[in-house]
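Below you'll find the structure, written out as structure tokens, and then a few comments.
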Amino acid sequence: SPEVRVNIQIENAHGLLEKVAGNEVDLGIGTPPVRGIDARLLQLCHVRDICDTALVAVMRQQHRLAQRPTIRPQDLVSETLIALPEESATTHMTAAMFQQAGVAFHAGIVVGNAVGVCSLVQQGIGIGLVNALMVAQQPFPDVIARPFRPRVTLRTCLYHSRLDTPSAATLRFMEYVANAAHHIAKGK
């Protein structure tokens, strides 16, 4: 409707929670914060889980690992790894999987969000590890995804401020986002 305006902002986990907690945005979508987040910020947010997805390795179709059905930490030892910041849930869990595999986790390049990771992968700069939702609709030409093993499950959540009741339009949009994420995660 004409009175509804959509403004999309891409934030890291801390920035997302600050904006949601401060009621600066109506809705936030992201993974749960793992560390480095002030608990008071989280207390000002209502959090709703919308889906679970897996971590995937993204690379150009021409990459030497593209023919493998799965990618393991050992496969990435000599690769330029493009990762999210250390405080992201994705990086936290990925580093734990590398440690369990006895492989040093070293991000050659750190990018603020998964869109940036996929953009650098598309340019052939390295391999990224991202939430499967990021590439489910194949938004990056020439970039393919392979399952990462051992499996890392990532939760995706909707956030809104506890300081204000969401508008009817925001509630409808939240339901749309939740349903779309659920269908994409299930591969439908």
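Rule-based calculations on the coordinates, nothing more; no lab input. Since the model is a prediction, treat every value here as computed from it, not as a measurement. When we count neighbours, we look across all protein chains shown, and the Cβ atoms used for this are built from the backbone with ideal geometry, even at glycine.
Order 54-67, 158-171, 121-134, 79-92 from most to least packed using the mean count of other Cβ atoms within 10 Å.
Numbers: 54-67: 17.4, 158-171: 15.0, 121-134: 21.2, 79-92: 19.6.
In descending order of packing, they fall as 121-134, 79-92, 54-67, 158-171.
On a per residue basis, the convex hull of the C-alpha atoms belonging to the range 27-130 measures out at 119 Å³. Among complete DSSP H helices in the chain, none has alpha-carbon atoms stretching at least 15 Å along the helix's long axis together with a mean Kyte-Doolittle hydropathy reaching 1.0.
Each Lys and Arg contributes +1 and each Asp and Glu -1, all at the Cβ; summed about the Cα centre of the range 1-156, the dipole is approximately 580 debye. For the chain, with the dipole built from +1 on Lys and Arg beta-carbon atoms and -1 on Asp and Glu ones, taken about the Cα centre, which of THR70, ALA185, PRO85 lies farthest toward the positive end? Of the listed residues, the answer is THR70. Note on the range 95-176: semi-axes of the ellipsoid equivalent to its C-alpha gyration tensor, largest first and rounded to whole Å, are 31, 18, 13. As an equivalent ellipsoid, the range 1-75 spans semi-axes of 34, 18, 11 angstrom, where each value is the square root of five times an eigenvalue of the C-alpha gyration tensor, largest first. In this structure, the amide hydrogen of ILE50, modeled 1.01 Å from its nitrogen in the peptide plane, lies closer than 5 angstrom to those of THR156, CYS157, LEU158, counting only residues at least 5 positions away or on a different chain. Between ALA54 and ARG172, the simple label model (points 7 Å from Cα in the Cβ direction) yields a spacing of 3.7 nm. For a paramagnetic label modelled on ARG40 (point 7 Å from Cα along Cα→Cβ), amide N atoms under 17 Å away belong, within the range 158-173, to 162-163. Take 113-120, 149-156 and order them by the average number of nearby Cβ atoms within 10 Å per residue, most first; the result is 113-120, 149-156.
At a Förster distance of 25 Å, what's the computed FRET efficiency of ILE125 paired with ALA104, Cβ-Cβ distance as r, to 0.05? Once rounded, the FRET efficiency stands at 0.80. Kirkwood analysis of the Cα pair distances in the chain returns a hydrodynamic radius of 17.4 Å.
Helix content alone sets the calculated 222 nm mean residue ellipticity of the chain: runs of n ≥ 4 DSSP H residues at -39500 (n - 2.57) each, divided across all residues, give -8500 deg cm²/dmol. Close amide H contacts of ARG149 (hydrogens built in the peptide plane, cut-off under 5 Å, sequence separation of 5 or more or a different chain): ILE71, ARG72. Using 0.36 nm per residue and subtracting the Cα-Cα separation, the extra length available between GLU11 and ALA66 on full extension is 16.8 nm.
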